[in-house]
Each structure stands twice: as structure tokens, then as C-alpha cells.
1. Which members of segment 3-39 meet the condition of being more than 17 Å from Phe59 (Cβ to Cβ) and free of Cβ contacts under 8 Å to residues at least 60 places away in the same chain?
2. Does segment 9-40 hold any residues that are more than 19 Å from the chain's Cα centre (by Cα) and outside any helix (DSSP H, G or I), and which are they?
3. Please identify the pairs in which a residue from segment 64-77 that is without any contact (Cβ under 8 Å) to a residue 40 or more places away in the chain has its Cβ atom under 6 Å from the Cβ atom of a residue that is in a helix (DSSP H, G or I), counting only partners at least 6 apart or on another chain.
4. Only residues that are more than 14 Å from the chain's Cα centre (by Cα), assigned to a helix (DSSP H, G or I) and among the small types (Gly, Ala, Ser): list them for segment 146-165, please.
5. Any residue that is buried (at least 16 other Cβ atoms within 10 Å of the Cβ), of a type outside the set (Asp, Glu) and in contact with a strand residue (DSSP E or B) (Cβ under 8 Å, 6 or more places away or on another chain) - is there at least one of those in segment 35-45?
6. Would you pick out the residues in segment 14-31 that are at pLDDT below 95 and under 19 Å from Ala2 (Cβ atoms)?
Amino acid sequence: MAKQAYDEVLSKYGNRILSPNHAYSRFVTNVAKRLVSVSGLEGLNWEFHVIDSPERNAFVLPGGKVFVFTGILPIVANEDGMAAVLGHEISHQIARHSAEKLSFAKVLFAAQMALYLFGIDPSIFFNQVTLNFMMLKPFSRKCEKEADMMGLDLMAEACFDPKAAVQVWQRMEASGTGNNIPQFASTHPSHKNRIRYIEERKKGLGETSDRG
């Protein structure tokens, strides 16, 4: 499944993926290498690709295949900001969130089958509204928050400034990206909530650093 997804991305964006020697590719790769060196997954076959597209986004596929769109580069602004985005994506891989989401989907399917076997219509509990807004989307937001928190730890360990994560999401909010989607309908936390809990976590990292 991971290889199929990777091939589909390459097929879709192949002619817009920048060469490894491009300045943007080198910028992303240099930041990524510092984060990977403290990730505990240095032996994974990491690949970092930059896609020439205005989308303000980045994503990771299982197996350490990370894609960054050039549209997010003005939002990250510098190496610390790039580390906030890449730390988040690398943390998805560390936490194996793709496998976790697949397992969660299997549990939901098993629950539906169990209800069916007991003569209960699964749609009573597992209709589209309950599946999306009460189960799948909250679970996805949980994974996103976990990746944010782990990403801050990676940033700090790789000697990037965790404060940049807050600044990235402030710039993302100012750009208007995703502001028209209420959190309950989104797979990601709202920008305001992200800023709030990152600020809280950042304070903890600062206190730990001071004690050290």
C-alpha cells in the first residue's frame, strides 16, 4: 500500500518534483538530515522531495517518503520553521500513525460486523455522521496533535528553536489557509488550538532546558 501510494504521488507530481540539487531541495534536505539524526530511525530509507506547487502543505508516506510543497516555504520562513514542519511529518513516521489509523479502521469494521451478527443494524451507530465526526476525524486530530508534540521534542534535540513552531502556525493562520473549516469537521486541529497547546508544550521544554 505504501509503495502504491508513493508511485501515485510520483505519477501525479513527477514533472514538478525539483531536482536534489535545487536550492529548495537542498534547504529541505539539510534540515531533514539533522532531524532524522535524532529520530531513532536513521536506518530508514528516508527520501525528501520538494514539489513545485503553491499548496501550503507537506505530508509523509509510510517508509519515510516526505513531500514538501514550495507553497509552504514562505510560511516556514527559515530553517527553524522548516524544522517545525518536517519534525511533525517525521514524527508521524516515528509514531507509525499510518498503521495506527489502519488498525483503528479495522477495529471499527469488526465492531460493525459484530453488531450485524447479533442482528443489530450497524448503521444505527456507524452512519456517515458518527463515523466521520465522532470517530475518524477526532482520531486523526489526536494523531496530528501527537505529531506536533513529538516534533517539538525532535526540534529541540536537533538544536532547532521550538518557538518557531508557534510562529509557523501564526503565519499559516494569517495566510487564511484552512480558516474556513471548523475543527470538528477537520482532520487537523484548528490553528488557534495548535498554537495554544504548542505554546504550553514549548514552556515545558524551556523549563527542562533551564533545569539542565
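1. Within segment 3-39, Asn15, Ser19, Pro20, Asn21, His22, Ala23, Arg26, Phe27, Asn30, Lys33 qualify.
2. Ile17, Leu18, Ser19, Pro20, Asn21, His22
3. Close Cβ pairs (under 6 Å, with a partner that is in a helix (DSSP H, G or I)) amount to Gly64/Gln93; Val66/Glu89.
4. Quick first cut of segment 146-165, residues more than 14 Å from the chain's Cα centre (by Cα) only: 153, 155-164.
Checking which are assigned to a helix (DSSP H, G or I) leaves us with 153, 155-157, 163-164.
Result: Ala156, Ala164.
5. Applying the first criterion (buried (at least 16 other Cβ atoms within 10 Å of the Cβ)) to segment 35-45 yields 35-36, 38-39.
Imposing the further condition that a residue be of a type outside the set (Asp, Glu) reduces the set to 35-36, 38-39.
Going one step further and asking which of them are in contact with a strand residue (DSSP E or B) (Cβ under 8 Å, 6 or more places away or on another chain), we end up with none.
Checked against the condition, which is being buried (at least 16 other Cβ atoms within 10 Å of the Cβ), of a type outside the set (Asp, Glu) and in contact with a strand residue (DSSP E or B) (Cβ under 8 Å, 6 or more places away or on another chain), segment 35-45 yields no hits at all.
6. Gly14
Here is a yes/no grid of residues against (1) within 23 Å of Leu73 (Cα to Cα); (2) at pLDDT below 65; (3) surrounded by fewer than 17 Cβ atoms within 10 Å (Cβ to Cβ); (4) of a type outside the set (A, V, I, L, M, F, W, C):
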position: Met134; (1), (2), (3), (4): no, yes, yes, no
position: Lys137; (1), (2), (3), (4): no, no, no, yes
position: Arg141; (1), (2), (3), (4): no, no, no, yes
position: Glu157; (1), (2), (3), (4): yes, no, yes, yes
position: Pro162; (1), (2), (3), (4): yes, no, no, yes
position: Ala165; (1), (2), (3), (4): yes, no, no, no
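The values are calculated or read from the model by the stated rules, or taken from the named source; none is laboratory data. These figures come from a predicted structure and were not determined experimentally. Cβ atoms come from the backbone with ideal geometry, glycine included; neighbour counts cover every protein chain shown.
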